[in-house]
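Only one structure is covered here, and it is reproduced in the block below.
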There are 2 protein chains.
Amino acid sequence: MPLGPSFPDLASLDLFVSVVELGSVSAAARVHGVAQPSASSRLKHLERQVGLQLLDRSPAGTTPTDAGIVFAGWAEQILRAAHELQAGLAAFRAEQHGRLRIAASFTIAEYLLPQWLQSFSQEHPADSVALEVANSAHVIERLRAGDADLGFIETPSQVPDLSERVVEHDQLVAVVAPGHPWATRTLVPVEALAATPLVTREAGSGTREALESALEARGLTAPPAVLELGSTSAVRSAVLLGNSPTVISRLAVADELAAGSLVEVSIEGLAIDRDLRAVWAPGHPLPPLATDLLASIG
Amino acid sequence: MPLGPSFPDLASLDLFVSVVELGSVSAAARVHGVAQPSASSRLKHLERQVGLQLLDRSPAGTTPTDAGIVFAGWAEQILRAAHELQAGLAAFRAEQHGRLRIAASFTIAEYLLPQWLQSFSQEHPADSVALEVANSAHVIERLRAGDADLGFIETPSQVPDLSERVVEHDQLVAVVAPGHPWATRTLVPVEALAATPLVTREAGSGTREALESALEARGLTAPPAVLELGSTSAVRSAVLLGNSPTVISRLAVADELAAGSLVEVSIEGLAIDRDLRAVWAPGHPLPPLATDLLASIG
DNA sequence: TGGTGTCATAGGTTGAGGCTATAACTGATC
DNA sequence: GATCAGTTATAGCCTCAACCTATGACACCA
């Protein structure tokens with residue numbers, strides 16, 4: 001569902017947060033490279049858009065109202081996500097020209113990497129990171145060929161010839177809409193899952209593969225996909241409307257599960273854990289930048 | 001630090017995600033209430049801004065490229081935060097006219113409530129929620145006066161005359177910049193903290209109070225504040241630049257800690273836990289909407 | 001071989017938002 | 001107390017970005 005027609009501008013939110021931080025419209029205007037009257041008018045427009053008084057202005061400076069303080073917190077969440085996108089974008093654009101070349105699988109690139117990249121770029125403003133996204137097999141290829149310094153993959157098996165370190169843990173989980181009959185059951189048998197058509201994300205087919213092999217290990221075949229979609233929010237709408245479950249990386253639906261807009265279903269005897277691992281070629285010694293990145297991931 | 005000058009528009013990101021979901025520029029244009037050529041040109045502009053080809057167009061429809069898939073995932077994170085802000089905003093505007101009147105403390109309103117409100121408004125599109133933000137004492141007042149149906153507070157002590165339920169757990173943590181000497185120490189004594197000037201957020205003074213009373217319990221007085229700031233990102237910059245620690249709600253810095261842009265410091269013998277609690281007047285029976293909300297919080 | 005869908009281009013119009021210049025006010029300093 | 005450096009708001013002008021309608025080119029299905 002689209003955003004409201006008069007939703008505030010990213011630039012205005014950014015400007016507003018700067019005003020709260022700096023205590024002055026003029027100072028914020030300077031930081032943003034615009035004239036003070038422009039900033040002033042943008043802020044007035046912002047307040048009219050949201051229908052709240054956000055700032056107390058005085059000839060001595062500007063401070064947020066109570067509503068403004070809370071609003072600034074909410075706006076910061078948006079801006080944080082925006083900065084992460086910006087960091088990811090820079091890495092995408094850098095392609096082969098980066099000082100540190102990363103190849104990552106889809107899931108990792110979407111949900112983990114932006115945060116890493118953003119904090120990395122804050123600590124190493126001079127060094128650019130190049131990002132390439134591909135399935136796990138291709139990531140390994142790139143490392144072997146020396147076209148990437150550091151890879152991130154999600155395959156369950158170990159890779160010979162490569163050094164590795166587990167950096168994160170993921171699970172495939174079954175989720176349904178809150179109104180679905182499964183939502184209230186404590187345990188659903190595997191057979192029921194295998195017999196139910198699924199909505200699938202089907203971007204990196206790594207998740208699909210993992211589901212299939214887990215079911216085959218129990219002598220079952222994976223259920224047919226009733227729909228294959230290209231984005232998480234498409235999956236979410238389809239699950240909500242279509243009454244079908246989906247099996248998807250927990251990372252992709254962590255927020256929905258926390259908010260309760262999707263419900264996790266325990267499948268009896270089916271736990272698909274997978275380690276997300278950093279990998280690199282032991283021949284080429286790991287560049288210092290890569291070591292720094294791995295260290296900051298924790 | 002401000003966003004880049006040519007950062008994509010929220011509306012364009014929203015449009016792009018819709019295209020990925022629907023597989024068609026025309027369909028996305030319809031959903032967004034704009035003409036197809038406008039959508040087409042906005043998307044082309046978006047691709048020029050980010051410097052990447054995001055879509056494969058054909059007379060049969062439009063599908064995202066690999067980069068487009070990942071980009072859509074990043075964009076969805078921004079849009080999620082935007083929708084949360086929108087839900088919070090609606091609650092702010094509703095003031096006294098909402099069917100469910102909530103009064104919440106600053107920390108809860110900033111970091112927890114938007115997510116709850118968003119999933120709630122999806123499940124109850126007809127019912128509006130009114131939000132008022134105040135310190136914990138004032139929240140209790142509003143409940144007693146019957147001006148609010150449900151309150152959320154963060155005071156450590158129990159409140160007589162009110163029913164309550166713990167909904168979340170919070171901690172005050174000490175954090176420093178990654179380069180700070182404390183960042184590598186395993187344990188810092190309380191006395192060192194009490195002797196060090198702090199940067200503080202100082203929005204809801206609940207956090208300040210909690211720190212003071214915890215220190216006083218050990219016979220210490222709280223350190224002077226070297227700076228009092230109005231927003232989390234202001235605190236973050238001050239901590240990074242000024243080499244001072246801060247003591248702040250873990251909720252407020254959870255993302256920074258995860259990304260490694262701030263580092264948590266364990267203070268010896270100082271653990272300030274506090275329960276975040278929903279409270280309501282037992283006299284007035286809890287409205288069904290409030291029950292639903294509490295249930296979805298989990 | 002229409003018909004219905006897709007997307008792109010062209011041309012014209014409008015309005016939002018920017019800038020400069022100025023005014024009104026506060027608080028600190030001399 | 002007067003001046004100076006700081007703050008924000010208003011007025012007027014201008015430009016360019018973004019929209020819409022109309023049209024064209026191409027693909028797929030019946």
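The values are calculated or read from the model by the stated rules, or taken from the named source; none is laboratory data. Just so we're clear, the structure is a prediction, and the values are computed from it rather than from any experiment. No Cβ is skipped: glycine too gets one built from the backbone with ideal geometry, and neighbour counts run over all protein chains shown.
More than 13 Å from DNA strand D (Cβ to nearest atom), within 24 Å of A:Pro8 (Cα to Cα), among the aliphatic types (A, V, I, L, M) and free of Cβ contacts under 8 Å to residues at least 12 places away in the same chain: is that true of B:Leu89 in this structure? Walk me through it before giving the result.
Working: more than 13 Å from DNA strand D (Cβ to nearest atom): yes; within 24 Å of A:Pro8 (Cα to Cα): yes; among the aliphatic types (A, V, I, L, M): yes; free of Cβ contacts under 8 Å to residues at least 12 places away in the same chain: yes.
Taking the combined requirement at face value, the residue satisfies it.
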Item to check | Conditions (1) under 22 Å from A:Ser105 (Cα atoms); (2) in contact with a helix residue (DSSP H, G or I) (Cβ under 9 Å, 6 or more places away or on another chain); (3) surrounded by 15 or more Cβ atoms within 10 Å (Cβ to Cβ); number of the one not met by A:Glu164 | outcome: (2)
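Could you check how many residues of segment A:167-191 are outside any strand (DSSP E or B), away from chain B (no Cβ under 14 Å) and buried (at least 16 other Cβ atoms within 10 Å of the Cβ)?
2
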Checklist entry - Quick one: would you say A:Arg144 is surrounded by fewer than 21 Cβ atoms within 10 Å (Cβ to Cβ), among the charged types (D, E, K, R) and at the interface with another protein chain (Cβ under 7 Å from one of its Cβ atoms)? => result no
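The rows are residues; the columns are (1) within 20 Å of B:Asp255 (Cα to Cα); (2) at pLDDT 90 or above.
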{"site": "A:Ala258", "(1), (2)": "yes, no"}
{"site": "A:Ser261", "(1), (2)": "no, no"}
{"site": "A:Ser266", "(1), (2)": "no, yes"}
{"site": "A:Gly269", "(1), (2)": "no, no"}
{"site": "A:Leu276", "(1), (2)": "yes, yes"}
{"site": "A:His284", "(1), (2)": "no, no"}
{"site": "A:Pro288", "(1), (2)": "no, no"}
{"site": "A:Ala295", "(1), (2)": "yes, no"}
{"site": "A:Gly298", "(1), (2)": "yes, no"}
Checklist entry - Which members of segment B:255-275 meet the condition of being touching a residue at least 12 places away in the same chain (Cβ under 8 Å), crowded, with 19+ Cβ neighbours inside 10 Å and within 24 Å of A:Tyr111 (Cα to Cα)? => result B:Glu256, B:Gly260, B:Ser261, B:Leu262, B:Val263
Next on the checklist: Given the options A:Ser6, A:Ser41, A:Ser26, name the one that is in contact (Cβ under 8 Å) with a residue 40 or more places away in the chain and either over 30 Å from the mean Cα position of the chain (by Cα) or within 11 Å of DNA strand C (Cβ to nearest atom) (or both).
Outcome noted: A:Ser6
Checklist entry - In this structure, does A:Ala35 turn out to be farther than 25 Å from B:Ile69 by Cα, within 16 Å of DNA strand C (Cβ to nearest atom), at pLDDT below 95 and surrounded by fewer than 23 Cβ atoms within 10 Å (Cβ to Cβ)? => result no
Checklist entry - Name the residues in segment B:256-283 that are under 30 Å from B:Ala148 (Cβ atoms) and not in a loop (DSSP other than H, G, I, E, B), would you? => result B:Ile272, B:Asp273, B:Arg274, B:Asp275, B:Leu276, B:Arg277, B:Ala278, B:Val279, B:Trp280
Next on the checklist: Among the residues that make up segment A:237-254, is at least one of them in contact (Cβ under 8 Å) with a residue 40 or more places away in the chain, among the small types (Gly, Ala, Ser), over 30 Å from A:Ser296 (Cα atoms) and in a strand (DSSP E or B)?
Outcome noted: no
Checklist entry - Of all the residues that make up segment A:284-298, how many are within 14 Å of chain B (Cβ to nearest Cβ) and either outside any helix (DSSP H, G or I) or touching a Ser or Thr at 6+ places or on another chain (Cβ under 7 Å) (or both)? => result 2
Item to check | Flag if B:Ala67 is in contact with a Phe, Trp or Tyr (Cβ under 8 Å, 6 or more places away or on another chain) and surrounded by fewer than 23 Cβ atoms within 10 Å (Cβ to Cβ) | outcome: yes
Checklist entry - If B:Val129 satisfies every condition in (1) over 22 Å from the mean Cα position of the chain (by Cα); (2) modelled with pLDDT of 90 or more but one, which is the exception? => result (1)
Checklist outcome for this item: Here the residues within segment A:195-207 that are over 13 Å from A:Thr246 (Cβ atoms) and surrounded by fewer than 18 Cβ atoms within 10 Å (Cβ to Cβ) are A:Ala195, A:Ser205
